[in-house]
Every structure is written in C-alpha cells, then in structure tokens.
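*Asks:* Structure incoming, see below.
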Amino acid sequence: MGVFWNRLRSLFRNGRLDGELDEELESVFQMEVDANLERGLSPEEARRQARITLGSLESIKEAHRDARGIPWLDNLRRDTIQAVRSYRRTPLFTGVVLITLAVGIGFSTFVFSLMDGILLKPLPYPHAEKIVRLFRNVESPFYLREFASSLYLEDRANQPDSIEAVATFRQSGFNMAGSGEPERSAIGRKILLDNKPFEIIGVMPEGEDLLDGSSYQLWLPLDLSARPAAQRLTSMDPLYARIRDGFSIDQAQAEVDLWAARMRRTYPGVKEELGLHIEPYFDDRFAEAETHLWILSSAVALVLLLTCVNVAGLLLARGSRRGREVALRSALGAGRSRLVVQFLTESLLLAVPAGILGLGLSYLALQTMRMWSPQGLPRLDNVTLGWLELLFAVSLALVSCLLLGLGPALRDSRARPMTALKQSSLTSRNGSWISREGSWMNS
Amino acid sequence: MAEDRMNLLQGTLDLLVLQTLYAMGPMHGWGIARRLEQVADERIRINYGTMYPALVRLEQRGWIRAEWGASENNRRAKFYALTKVGRERLESEKRDWHAMAAIVDKVLE
C-alpha cells in the first residue's frame, strides 16, 4: 500500500524527479569521464567512452519513470494532456465532432427511451398479451361497438372455458375525506368516499393509465348487484377479458360465438347486440405507437449514419496531418499498442463529454415530448431516462469511441515510419515541428 | 574480457545492491555499479537502465534511502544507504537466495 502511494505521489512530481534524475545521471557521467581520464584516455575519448557505457539517457529515464510511477496511469495522464492540447489547437474540429456526436447519441438515446418505456418495458398486467377487448358486433353506425351488454359479466355459469375472466370499469366521481396520497404506507388506511368507508388495499404503479388512456385516482370494486333490475337488459359496458392459458384467440372467438347465441336465446329482447367480437387489446393500443416508433428509429439510424460519415470525414482530414506525428512517435520507439491506447484515450476524451451532452439533449427532448404529449403514444409517463438509458448512451459513446479511435489507430500505427516521414516532408509546408522535436535527439 | 560477461539473473540485482550497501556503507549509483563489476571480476556489466529503476524500487519500499552529498572527486552525487528495514530484508532475501540456489544445485546434480 505504501509503495503504491509512493508511486502515485511520484506521478505528480514528475518534473522535479526528472530534474533530479538528470542531475544524478549527469554526475554519474562525470564520474565515468573522470575514471576514463585516470586510465589515461584523451578528454574527448573519455567522454565518448562514458557515453557508450551509460547508453541511452532517454531509455534510462523512461525505465526510471516506469519503475517509480504507475506506467499506465502516467501514460494515460500524458495522453490526456496531449489530447486536450491538440483538441484546443483545433477548436472548430473539436466542436463540430463533439456536437455531431452529442446529437447522434442524444437522439438515439431519446428514441431508445421511448421504445423502452412504451414497447419494451413489460405492461403492469400479468399475461398482457392474453387480454382482449370484447366488441359488440353491430353493423349500424348508430351504435357504439365499444360497449357490450353487461349481461356477460353476470353470466358466470355459461362463461366459456377459454375465457378466464370478464371485466369492466366505469368512471365516476366521489367526495373524499381522509388523506390518500398514493404511497405504500397508505395501504390499510381508511378513507371516506361519499361518506362510505373504504380501506386502501393497494397502490397502483405510477404512470400506467393503460385501460383507456385517462388517469384515475381511485379504483373501487364495482357492485353489479346494486343495479336496478330494470337496467339489467339494457345496460352496456366496455368489456375486457383474459383468455385462459393454452387457448388461442380463434378458439376463444368460436366459444364466445356459442356463448352469444345462447345469450340471445335466453334474452330474446336483446337480439343482435349480443354478438361479440374479440380483439387483442394491447396490440390494438400499441399498433399506432409501434408505427411511430419504427419511423423514429429509422430516423435514428439515418442520423447515426450521417453522424458517422461526418465524423469519419473530419477524422480523415485530420488523419493526414496526424500521420507525421504518429510516424515520428513510432520512430522514437512508441509501440503499436502504446499508439492504439493513445488514440483510444483521445477518442474517449471526445466520446465521454459527447455522451454526457447527448444525455442532456435526450432529457430535453423527452421533456418537450411530455409537454406536447402527442396522440398515439401511450405510456409516455412511463418513459424515463433510467439506468438502461444511461447504459445505452454510455455504450453508444464507447462504441463511437472505439470506431473513432481504432480506425485511425490501426491505419496509422501500421504505417512504416520512414515512408510516412518522407512523404510528409514532401507534402508538409512547415517542417518546424519535426525539427524542433528533433533537436533534443542529438543531445 | 567482454566475451565471457554474463547477464545478471532476473531479480538478483536488488539483492546485490542491498548487499553492496551493507558491506560498503552509503554509496552513489556509479560507485555501486563499479563495485559490483569489480567484485564480479568484470564478468558482469551493470546497465544503468536496469540499476536506476532498481534503486527507485528499493527506495519506494523503504529498504534504502537517498541523500545528496559530495563524492571523492568533490562531485555532487546522490548517496544511497541501507535502512533498518532494508538490513532485515537483506537477511531474509539472502536466506531465500541460498535456499533457492541449493534447490537449483540439487536438481542439476
């Protein structure tokens, strides 16, 4: 632990430690020269021999740095500094890439959050795919097909095997007394509705207004027996049913047809209104949303494609300039893996801020969408930027980082230094960078 | 002379440096290298690219400590000295080395 701490500390004192090592190596060099002079060598030869004995000062320093510090962390630090410097030299390039990436990531995350919240997150009903709506078979435009005879709710005795349960609900208003904030601790509390006592037995999950798109504050059991007998034959309700496991919709439809025929015989007065047609409920509800979302997803694919093309183009333009630098670095002994790590660090420095920016953008888009709350997108309250969305944005950022960094890295690190340097000295207008850096190589 | 020089066995340099400092007292880097080559009848060659990292490692572990001082020729030099921990460590490293050498010998015989 102490050793690790020392190493970490030494990273932040690199300048001072390097200076100290320089001084130390200088003194070793002088001692070597002194010893050579004592052996009777000429001053010039003494220095030459000493230089041979010591070997490359740079590689001693490099080994020293690696031993005293944490090499990968030190490299990371140096890569980061270098990358930040190079990005600041080209603010336009950096800005354009950053914004392009952020828009790409933001838009995709936004659409992903919609997909996830609306289509992918399971519905809060067990076996939601088995829930159907029972529509009335009516030809006449004067009747609503959404309401069917309430007699089906009562006729439990003849209910087909394929139908597990039939249900309905009605809207109404109450005067409420007592506190009823929707929270878990409310369970067991008593409240008064129209002066009748009720006990809260559960709290519905937030944002799930699936049955008809309205939001309800309270759900009460419906007491059919409370209905006046005269209303029984004419009463209509929206009917929902759950198909029993192992039965298909067609089987259920066939059985329901029989049920309806029997109902017609029992209650001749109700006639044609007793025919029923089964339709999967959520398929119907989500068909439109799915279409919208697929259109959005295609747009996302397009945006991402454009993002990649844009950024790739920018990088390509920059790459020709980078070629020289890479060639020089590899000529100075930077290994291929070292160069690849450098490129990845560079692109990570773009991808991470772009990912954060993108998350912000997708949050704004989601807020706008909520305010606008378009028709045809149910469950919008259920759409959130949760862990999954964060993961999505992070993965997009990382993948784009890999694509951005690895491409140029593999291309450039393969280049033969000599060829690249020769080429660039022909094409480049200012060779000052190389000659400036080159000056210490002679020392 | 150069032909029969041997490469230092991996990991032995630390032990040799500790022993040198124990036997000779505080020394600078150049002195340690010369001393080791001398004791080995010039049959090993100390590479500074290996020795300086070793010195830094030993210093970070607290087995040696470094101080600037003046050399015999009145040159400013960094002197390395064995610490108390280093001396204890040298004992156990020596034991380990002898044990290991004995095993290798036994296998080779």
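*Asks:* When you go through (1) facing another protein chain (nearest Cβ under 8 Å); (2) touching a Gly at 6+ places or on another chain (Cβ under 9 Å); (3) modelled with pLDDT of 90 or more one by one for B:Arg65, which number turns out not to apply?
*Replies:* (1)
*Asks:* Could you tell me which numbered condition A:Arg68 fails, if it satisfies all but one of (1) within 14 Å of chain B (Cβ to nearest Cβ); (2) loosely packed, with under 15 Cβ neighbours inside 10 Å?
*Replies:* It is condition (2) that A:Arg68 fails.
*Asks:* Return a yes/no flag: does the stretch B:68-83 have any residue that is small (Gly, Ala, Ser) and more than 12 Å from chain A (Cβ to nearest Cβ).
*Replies:* Looking for residues that are small (Gly, Ala, Ser) and more than 12 Å from chain A (Cβ to nearest Cβ), one finds at least one in the stretch B:68-83, hence yes.
*Asks:* A follow-up question, please. Checking the conditions here, which among A:Arg77, A:Arg133, A:Arg51 is under 30 Å from A:Gln30 (Cβ atoms) and either surrounded by 14 or more Cβ atoms within 10 Å (Cβ to Cβ) or within 14 Å of chain B (Cβ to nearest Cβ) (or both)?
*Replies:* A:Arg51
*Asks:* For B:Glu37, state whether it is surrounded by 12 or more Cβ atoms within 10 Å (Cβ to Cβ), within 14 Å of chain A (Cβ to nearest Cβ) and not β-branched (Val, Ile, Thr).
*Replies:* Here the answer is yes, as B:Glu37 does meet what is asked.
*Asks:* Then there is this: Looking at the stretch A:168-180, can you tell me whether even one residue there is under 27 Å from A:Asp245 (Cα atoms), surrounded by 15 or more Cβ atoms within 10 Å (Cβ to Cβ) and in contact with a strand residue (DSSP E or B) (Cβ under 6 Å, 6 or more places away or on another chain)?
*Replies:* Yes; the residues of the stretch A:168-180 include at least one that is under 27 Å from A:Asp245 (Cα atoms), surrounded by 15 or more Cβ atoms within 10 Å (Cβ to Cβ) and in contact with a strand residue (DSSP E or B) (Cβ under 6 Å, 6 or more places away or on another chain).
*Asks:* State whether the residues of the stretch A:149-158 include one that is part of a loop (DSSP other than H, G, I, E, B), modelled with pLDDT of 80 or more and either more than 41 Å from the chain's Cα centre (by Cα) or surrounded by 13 or more Cβ atoms within 10 Å (Cβ to Cβ) (or both).
*Replies:* So far as the stretch A:149-158 goes, yes, one or more of its residues are part of a loop (DSSP other than H, G, I, E, B), modelled with pLDDT of 80 or more and either more than 41 Å from the chain's Cα centre (by Cα) or surrounded by 13 or more Cβ atoms within 10 Å (Cβ to Cβ) (or both).
*Asks:* Among the residues of the stretch A:4-24, are any within 13 Å of chain B (Cβ to nearest Cβ), charged (D, E, K, R) and within 21 Å of A:Arg338 (Cβ to Cβ)?
*Replies:* Taking every residue of the stretch A:4-24 in turn, at least one turns out to be within 13 Å of chain B (Cβ to nearest Cβ), charged (D, E, K, R) and within 21 Å of A:Arg338 (Cβ to Cβ).
*Asks:* A:Ala63 passes all but one of (1) part of a helix (DSSP H, G or I); (2) away from chain B (no Cβ under 14 Å); which number fails?
*Replies:* Tallying (1) part of a helix (DSSP H, G or I); (2) away from chain B (no Cβ under 14 Å), A:Ala63 fails exactly one: (2).
The values are calculated or read from the model by the stated rules, or taken from the named source; none is laboratory data. Note that the structure is predicted; figures quoted are calculated from it, not measured. For neighbour counting, all protein chains shown are included, and Cβ atoms are generated from backbone atoms with ideal geometry for every residue, glycine included.
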